[in-house]
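Engineer: For reference, the structure I am asking about is given below.
Read-outs throughout are calculated quantities, based only on the coordinates presented, and are distinct from any laboratory measurement. Remember, predicted model here, so these are calculated numbers, not experimental data. Cβ placement follows ideal geometry from the backbone for every residue including glycine, while neighbour counts extend to all protein chains displayed.
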Amino acid sequence: MSLLKAFSRLTLQSSKYLAQPSAWLHTSPVLCAEPLKKKKKLDPQIIKQREDRRKKKLEKQIRRLEKNARQLKPIEELEVPLTLIDEQKQRTRTLPPLSEAEVERRIQLNKQWSRYKHEQKMQEYQIMDRLMQSQRKALEELRLESEELYQEAIQPDMSLLPVKIKGPVATPPIPNYVSPDGEYILESKKWDI
Amino acid sequence: MLRKASFILGNQVRLNAVSLCRPFASAPGAAGKQEKWDLYAGVLVERLPIVSKELNALEKDFQEYLWRVEFEKSLKSDSEIQHERDLKQAELLKKGQIDLDEAASKQTAQDLKDAYTEELNKFEKAPRTTADDKTNNVLSTNRCLDDKLYLLVEQAVGSKKHFLLPQGPRLEGETMRQAAERIVREKCGEQLDLLFYGNAPCGFYKYKYPAAVRDQSVGAKVFFFRASLKNGNVDKNISKNFAWMQKDALGSKLSNERYVESVQKFLV
């Protein structure tokens with residue numbers, strides 16, 4: 001305040017405002033932030049252009065994905081080698097036409113076969129039926145004895161899978177057989193999906 | 001929907017089972033519903049076939065036919081083409097139109113074929129019948145390779161010994177499956193490596209104890225579990241008398257006809 005008074009003495013115009021210093025000095029609270037910048041206004045046409053570009057880009061991506069989805073893994077074994085197509089004429093067999101008796105024999109054989117297979121299938125169904133009946137009976141009997149044991153018995157057995165069973169072969173494996181050609185290693189190309 | 005249907009079916013079977021049991025329950029001396037049964041677990045151990053079955057006449061015919069059709073539809077292979085070319089060359093050679101040295105040095109398709117056939121003939125396949133087949137050694141799993149074999153073990157039932165599927169009583173606190181696994185270990189040793197097919201029993205058999213020993217429980221209910229042999233055989237120090245039998249031959253070892261009938265129900 002004394003400073004102000006000293007100044008006021010120096011000035012030619014003795015102002016009454018300066019004489020009342022408390023009205024002139026204001027303090028504001030400390031600001032911990034920058035005042036907001038004024039937003040730049042963009043041309044609406046440019047905005048539209050940008051959006052369009054983004055849309056197109058997405059559409060392109062989608063299209064590319066769809067195209068790839070339709071592309072299936074090629075099965076090389078099923079592709080006919082070009083040499084076979086070129087030399088088809090040379091390679092076709094010229095066989096004498098089948099005799100009527102042979103055609104008839106083949107038809108009969110086909111019929112016999114389907115009958116045979118049908119019977120076999122029916123027998124299999126009967127066996128399955130019998131096995132299921134047997135299991136049902138066993139489970140029911142178990143339930144009569146104890147509900148808890150029954151509940152334990154109908155739980156799925158998770159340790160069973162994955163199961164590996166080798167099917168019957170034409171001749172039994174030779175014990176301690178060493179393959180003269182070495183081991184077979186699968187070399188086919190791996191396809192990532 | 002499906003679950004409901006099977007539930008109803010199950011109930012019917014259960015009713016049937018109850019009505020079947022009734023004649024036993026009303027036998028003199030039995031205390032109706034209160035009668036106590038011992039629970040036994042049994043194990044059907046099967047050795048799956050190792051080689052395929054011999055084809056019958058029709059199957060052989062049909063296979064020949066399929067092979068023939070495949071041949072007719074096929075195109076000539078490289079070696080057949082080569083063979084034809086060789087024949088043509090031989091003819092030209094006879095006529096003296098080409099140089100002898102050039103033609104003779106080449107290996108013909110027929111030569112190759114002969115070499116391959118010879119190599120194949122040299123290869124010795126393992127026989128489909130084994131030494132144990134000839135001696136009819138029922139202790140071995142290496143016989144009747146094209147058929148299933150089932151394990152029977154001689155066990156004491158009461159005072160007598162019988163050939164049966166391995167079986168034994170359930171202990172307190174065990175599930176039936178655990179009991180079955182334990183019993184197989186006890187009766188056949190640790191070397192028998194088995195694959196059990198699930199937790200549910202596949203078959204059932206019950207028998208009554210003779211009246212003299214029927215003090216606490218009336219009889220035993222045996223619940224059979226199916227398992228297939230992965231490896232190993234029965235330990236001879238634990239069970240001396242056991243047998244791996246085919247389905248048709250089971251009857252000759254099992255003494256009780258009713259038992260055979262129950263077991264046959266869940267054999268494939």
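Engineer: Within 10 Å of each Cβ in peptide A:38-44, how many partner chain Cβ atoms are there on average? Round it to a whole number, please. Write down the numbers at each step before the final one.
Structural biologist: Numbers: counts 0, 0, 0, 0, 0, 0, 0.
Other-chain Cβ atoms within 10 Å of each residue's Cβ, averaged: 0.
Engineer: What order do you get for B:S140, B:S252, A:S28, A:S134 when you list them from fewest to most C-beta neighbours inside 10 Å?
Structural biologist: Numbers: B:S140 16, B:S252 11, A:S28 5, A:S134 21.
Ranked by crowding around the Cβ, least crowded first: A:S28, B:S252, B:S140, A:S134.
Engineer: In whole Å, what are the Cα extents of chain A along the three principal axes, biggest one first?
Structural biologist: Principal-axis extents of chain A (Cα, largest first): 141, 75, 44 Å.
Engineer: On to the next question. Rank-order B:151-160, B:114-123 by packing density, defined as the average count of other C-beta atoms within 10 Å over each peptide's residues, highest first. Write out the running numbers ahead of the final one.
Structural biologist: Numbers: B:151-160: 15.2, B:114-123: 9.3.
Listed from highest to lowest mean packing, they are B:151-160, B:114-123.
Engineer: If you don't mind, another one. To the nearest whole number, what is the average tally of beta carbon atoms from other chains within 10 Å of the beta carbons of peptide A:170-177?
Structural biologist: Working: counts 4, 9, 11, 3, 4, 1, 0, 1.
Mean partner shielding for this stretch: 4.
Engineer: Can you give the Rg and Dmax of the protein assembly as shown based on its C-alpha atoms, in angstrom?
Structural biologist: 42.9, 144
Engineer: Can you give the angle from 0 to 90° between the axis of helix A:100-145 and the longest principal axis of chain A, with both taken from C-alpha atoms, to the nearest 10?
Structural biologist: Helix A:100-145 sits at roughly 60 degrees to that axis.
Engineer: Quick one: P(r) of the stretch B:38-132 from all Cα-Cα pairs, 5 Å bins, percents rounded to integers, in order of increasing distance.
Structural biologist: 2, 8, 9, 10, 12, 12, 10, 8, 7, 6, 5, 3, 2, 2, 1, 1, 1, 1, 0, 0
Engineer: May I pose another question? For peptide A:144-152, what's the mean number of Cβ atoms from other chains within 10 Å of each residue's Cβ? Could you put the intermediate results ahead of the total?
Structural biologist: Numbers: counts 6, 7, 3, 0, 1, 9, 2, 1, 7.
Across the residues of A:144-152, the mean count of other-chain Cβ atoms within 10 Å is 4.
Engineer: Right, here's the next one. Name the GluC sites (Glu not before Pro) in the stretch A:71-139 that are in a loop by DSSP and that have at most 11 other C-beta atoms within 10 Å, would you?
Structural biologist: Passing sites in the stretch A:71-139 are A:E79.
Engineer: In this model, which of A:K39/A:K60; A:K111/B:K148; A:K137/A:K164; B:K161/B:K206 are farther than 27 Å apart at the alpha-carbon? Can you show the working numbers first?
Structural biologist: Values: A:K39/A:K60 33 Å; A:K111/B:K148 31 Å; A:K137/A:K164 29 Å; B:K161/B:K206 18 Å.
Over 27 Å apart, Cα to Cα: A:K39/A:K60; A:K111/B:K148; A:K137/A:K164.
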